[in-house]
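What follows is a single structure, written as structure tokens, with notes after it.
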Amino acid sequence: MSGKEMSELLAFCTARLEWLLETTTTLVGLESPTPDKAAVDRCGREAADRLEALGAAVEVLTSRTTGDHLRAVFGSGDGQIMLLGHIDTVWPVGQLERMPLRREGDRLYGPGVFDMKAGVAIGMLAAAAVTRRDAALGRRVVMLLTADEERGSGASRALVEAEARRSAAVCVLEPALPGGALKTGRKGAGEFELSARGVPAHAGLEPERGASAISEIAAQIAAVEALADPARGVTVNVGVVEGGSRPNVVAEHARAVVDVRAEALADARRVAAAVRRLQPRDKRVALTVRGDFGRPPLERNADVLRLYGMARDVARELGRELGEGLAGGGSDGNFTAALGVPTLDGLGAVGDGAHALHEHVDASQLPWRAALVAGLLLRIDAHYR
Ligand SMILES: [Zn+2]
């Protein structure tokens, strides 16, 4: 990729700043909370219209339990590179009244603008830029926009994984880290519930006949917390404990809910297996363990670093320095990375306040982020032969 090619891409995207802003604000105006299918589908139809106007072939992947997902194909090359995003947000319909769409200086505020409707606009323009008639991309670009990412992607995970398996690499349009840095690692997150059923007894008359579910859960909490290894990025939080009925009854029931995070796949698997193997200390107590890692870790491995290196080179040609960092939460990129498909996350908008009242993006940075994604698509296409 020549410097001339890169400056042409930047010029293409800069000339479409108004399109980026108008697309972003239109999508933000169509509020799309994950559980509200009708609302998500309204936003999805708008996104589909815009994708078609840019020349993509759009397929609506209907879902009865969530909003419909969209699969947009740009170009007609052999093989494909995947752009991954979601159109659902964490905000309920009506949030616009509390967080009105507004421009203050360079900042564009609104619910879902940063996570991740501006990222969707960036991805659309980047895909259009590299699949124009005279563009050099040999592969198709497939943009998958899912409708349930903010609730764990239960309905879309299989789609995301199937599309990723067909792709040379996956570019995830989630928000950037502060300052615009990319996400070269994401912790995996698991949730486990430990339930104990003991033997109730009168605490005064015959406590020896009882087996306390609370004592059992207390012992299990210590066992689970011992699995933490902060130096390796493994953390354990027992966030919920419930149990017992009355002070004078040996408790029959108790439960604990545990959040586990890990940076490495092997650690996630090891900790999950250890939690599932837990045995009751008191044989009279029945212990049940449920749960798993909802999203596996996105490891900062050689594939990720190769993609990051390409993105950093593209950014330099655009006159920008591009950092990297670890994100504590997961995205759908965690699924694709765990399949062994090279994945780079945080390629969306620069801004702040995901899931927070001050959610915003930096308006003037939208064009170069679109050029960054476009340039990265060209690099990936040239590299993976
Ligand atoms: Zn997101």
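The values are calculated or read from the model by the stated rules, or taken from the named source; none is laboratory data. It should be emphasised that the depicted structure is a prediction, and the values quoted were computed from it without experimental measurement. Quick reminder, even Gly has a Cβ in these numbers, built from the backbone with ideal geometry, and neighbours come from all protein chains shown.
Summary table below
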| read-out | value |
| --- | --- |
| Elements of type strands (runs of 3 or more DSSP E) contained in region 75-124, each with 1 or more residues being surrounded by 14 or more Cβ atoms within 10 Å (Cβ to Cβ), more than 16 Å from the ligand (Cβ to nearest atom) and of a type in the set (Ser, Thr, Tyr) | 107-109 |
| Subset of region 341-368 (residues that are outside any loop (DSSP other than H, G, I, E, B) and within 11 Å of the ligand (Cβ to nearest atom)) | 345 |
| Residue 300 vs. criteria within 20 Å of residue 157 (Cα to Cα) and in contact with a Ser or Thr (Cβ under 8 Å, 6 or more places away or on another chain) | no |
| Pairs where the first residue, in region 19-41, is over 13 Å from residue 63 (Cβ atoms) and assigned to a helix (DSSP H, G or I) and the second is at pLDDT 95 or above and among the acidic types (Asp, Glu), C-beta under 7 Å, 6+ apart | 26/46; 27/46; 39/31 |
| Matching option when the condition is under 28 Å from the mean Cα position of the chain (by Cα) and on the phi > 0 side of the Ramachandran plot, among 309, 244, 239, 291 | 291 |
| Contacts under 6 angstrom Cβ, first residue in region 99-124 being farther than 13 Å from residue 176 by Cβ, partner among the basic types (Lys, Arg), 6 or more apart | 109/102 |
| Count of residues meeting criterion [assigned to a strand (DSSP E or B) and either outside the structural domain of residue 60 (by TED's automatic domain parsing) or within 13 Å of the ligand (Cβ to nearest atom) (or both)] in region 130-155 | 2 |
| Which listed residue is more than 16 Å from the ligand (Cβ to nearest atom), under 25 Å from residue 305 (Cα atoms) and either under 18 Å from the mean Cα position of the chain (by Cα) or not assigned by TED's automatic domain parsing to the domain that holds residue 307 (or both), from 158, 127, 176, 162 | 162 |
| Residue 169 being surrounded by 24 or more Cβ atoms within 10 Å (Cβ to Cβ) and assigned by TED's automatic domain parsing to the domain that holds residue 336 | yes |
| Pick from region 179-213, criterion surrounded by 20 or more Cβ atoms within 10 Å (Cβ to Cβ) and part of a helix (DSSP H, G or I), ranking: nearest to the ligand (Cβ to nearest atom) | 180 |
| Failed item, numbered, when residue 4 is tested on (1) within 25 Å of the chain's Cα centre (by Cα); (2) over 15 Å from residue 124 (Cα atoms); (3) outside any strand (DSSP E or B) | (1) |
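This table checks each residue for (1) in the same structural domain as residue 254 (by TED's automatic domain parsing); (2) under 23 Å from residue 145 (Cα atoms).
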| residue | (1), (2) |
| --- | --- |
| 265 | yes, no |
| 276 | yes, no |
| 284 | yes, no |
| 291 | yes, no |
| 311 | no, yes |
| 314 | no, no |
| 332 | no, yes |
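For (1) farther than 30 Å from residue 3 by Cα; (2) surrounded by 23 or more Cβ atoms within 10 Å (Cβ to Cβ), each residue gets a yes or a no:
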{"position": "283", "(1), (2)": "yes, no"}
{"position": "297", "(1), (2)": "yes, yes"}
{"position": "310", "(1), (2)": "no, no"}
{"position": "318", "(1), (2)": "no, no"}
{"position": "324", "(1), (2)": "no, no"}
{"position": "347", "(1), (2)": "no, yes"}
{"position": "369", "(1), (2)": "no, yes"}
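A quick yes/no check of all residues on (1) more than 14 Å from residue 121 (Cβ to Cβ); (2) crowded, with 22+ Cβ neighbours inside 10 Å; (3) in the same structural domain as residue 123 (by TED's automatic domain parsing):
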position: 9; (1), (2), (3): yes, yes, yes
position: 13; (1), (2), (3): no, yes, yes
position: 17; (1), (2), (3): no, no, yes
position: 28; (1), (2), (3): no, yes, yes
position: 34; (1), (2), (3): yes, yes, yes
position: 46; (1), (2), (3): no, no, yes
position: 49; (1), (2), (3): no, no, yes
